[in-house]
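The values are calculated or read from the model by the stated rules, or taken from the named source; none is laboratory data. Small disclaimer: the values here were computed from a predicted structure and weren't measured. Cβ placement follows ideal geometry from the backbone for every residue including glycine, while neighbour counts extend to all protein chains displayed. The area values use the complete protein model at the heavy-atom level, side chains included, leaving out ligands, DNA and RNA. Shrake-Rupley method; radii C 1.70, N 1.55, O 1.52, S 1.80 Å.
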Amino acid sequence: FRYLRAMPLKLTTYYRGNQIPDLPGSNTFHSTELFHIYEATPGYTPVLIVASEQDRPVAKLLAALRKSVRLFPPAIIKRCEIYGTGEYFDPQSDKEAIFSDMLKRLTDEALRDSFLIEFRNLENALFGYKAFRANHYFAVNWLRVRNSLHSVDRVEERFSPSRIRQVKKGLKNGAYVREAHTSEEIKQFALMLHKVYSSKIRRHFPSMSFFQHLANKMLDDQHSRIFIVIYKDKIIGGSACIYSDDNAYLWFSGGMRKTHALQYPGILAVWKALDDAKQRGYRHLEFMDVGLPFRKHGYREFVLRFGGKQISTRRWFRFRWKWLNWVLNIIYE
């Protein structure tokens, strides 16, 4: 135990969803619901760390271990991913100190099975700096792209002129977009997205059951939505969004642009996600993975035409191999 404000801090690690007690919080990325989704998806192993003072939860941190393909040398490895730096329930608590303890526990737990730990989508790029360094993590500069929705009347106000024309043409040429309603629609959406997903966007694509679990666990409480682009009764595009507090996040999107170029399915899928988030009162929509800042990234160039802004941030990494981690710490110091 570590003493914080004269009270002991207890850390509890959960590996099974049926053992997790009722917990407070509104951050979807550290929720019990997302834990259950990871748990039910092949290839994922969730880990939830809960910090308590006098049996009262004060913070939680959710991580997901997943299988990943390494190209060189060829191998299937496990990596651990965390979105953000946890959720904290007491505004008076020393969040940095609590995070330091949770990070130490997570690092010890994850490195037993994972080759790499990655913290991404940080709200505050400076939070936890000392704790990360003390646990031998290194930071890599990254970019975020998000659209401000609260400062416009219509999301199209900040679209490029060519993007507005493409949305209009896609609808005029017979495509339409709506929310997916049935298990079969979600299945067809996942199959379509799996076929068209380019490695230029991101290499990892989850099991198709992930989207079904996402819908089953989060649709009822409005924490997720899946939109589908339809043309002649066929799903040709779509997007999957997740919602946390007053922000929307576009997690996956794509479209069959080679076979249905005149319908602009990928563009309509993003447009609908933005328009729906605006209509439902979210302040921002963030695109989940837009790449490194020092290299061109096709997906980032694509989404920027919807009027979003680039924001500098960082990601923190830790490798299991001590020699590799030591070298990278020197490079990125």
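Things worth noting here:
- Against the conditions (1) open to solvent by less than 10 Å² (accessible area, probe 1.4 Å); (2) farther than 19 Å from ILE117 by Cα, GLN54 satisfies every one except (1).
- Filtering the stretch 210-249 to residues that are closer than 22 Å to ARG165 by Cα and either free of Cβ contacts under 8 Å to residues at least 12 places away in the same chain or touching a helix residue (DSSP H, G or I) at 6+ places or on another chain (Cβ under 8 Å) (or both) leaves PHE227, ILE228, VAL229, TYR231, ILE235, ILE236, GLY237, GLY238, SER239.
- The lone exception for TYR176 - which of (1) at pLDDT 95 or above; (2) buried (at least 20 other Cβ atoms within 10 Å of the Cβ); (3) hydroxyl-bearing (Ser, Thr, Tyr) it fails: (2)
Table: residues versus (1) farther than 28 Å from LEU143 by Cα; (2) more than 18 Å from the chain's Cα centre (by Cα); (3) open to solvent by 30 Å² or more (accessible area, probe 1.4 Å); (4) not hydroxyl-bearing (Ser, Thr, Tyr).
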position: THR85; (1), (2), (3), (4): no, no, no, no
position: ASP90; (1), (2), (3), (4): yes, yes, no, yes
position: LYS95; (1), (2), (3), (4): no, yes, yes, yes
position: MET102; (1), (2), (3), (4): no, yes, no, yes
position: ILE117; (1), (2), (3), (4): no, no, no, yes
position: GLU123; (1), (2), (3), (4): no, no, yes, yes
position: GLY128; (1), (2), (3), (4): no, yes, no, yes
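- Qualifying residue in the stretch 112-127 (condition: among the basic types (Lys, Arg) and more than 29 Å from ASN216 (Cα to Cα)): yes
- Here SER162 fits the description: out of contact with any Leu (no Cβ under 6 Å at 6 or more places or on another chain) and either of a type in the set (Lys, Arg) or closer than 25 Å to VAL303 by Cβ (or both).
- Listed by position, the helices (runs of 4 or more DSSP H) contained in the stretch 228-333 that have at least 2 residues being closer than 24 Å to ASN147 by Cα and open to solvent by 40 Å² or more (accessible area, probe 1.4 Å) are 265-279, 298-304.
- The stretch 267-291 residues that are touching a residue at least 12 places away in the same chain (Cβ under 8 Å), paired with ones that are assigned to a helix (DSSP H, G or I) and polar (S, T, N, Q) (beta carbon under 8 Å, 6 or more apart): ILE267/GLN166
- Strands (runs of 3 or more DSSP E) contained entirely in the stretch 109-179, each with at least 2 residues that are closer than 30 Å to PHE227 by Cα, aromatic (Phe, Trp, Tyr) and out of contact with any strand residue (DSSP E or B) (no Cβ under 7 Å at 6 or more places or on another chain): none
- Test for SER151: is it over 22 Å from THR313 (Cα atoms) and without any contact (Cβ under 8 Å) to a residue 40 or more places away in the chain: yes
- Within the set ALA64, ALA110, ALA59, ALA40, the sole residue that is open to solvent by less than 10 Å² (accessible area, probe 1.4 Å) and more than 26 Å from ASN141 (Cβ to Cβ) turns out to be ALA59.
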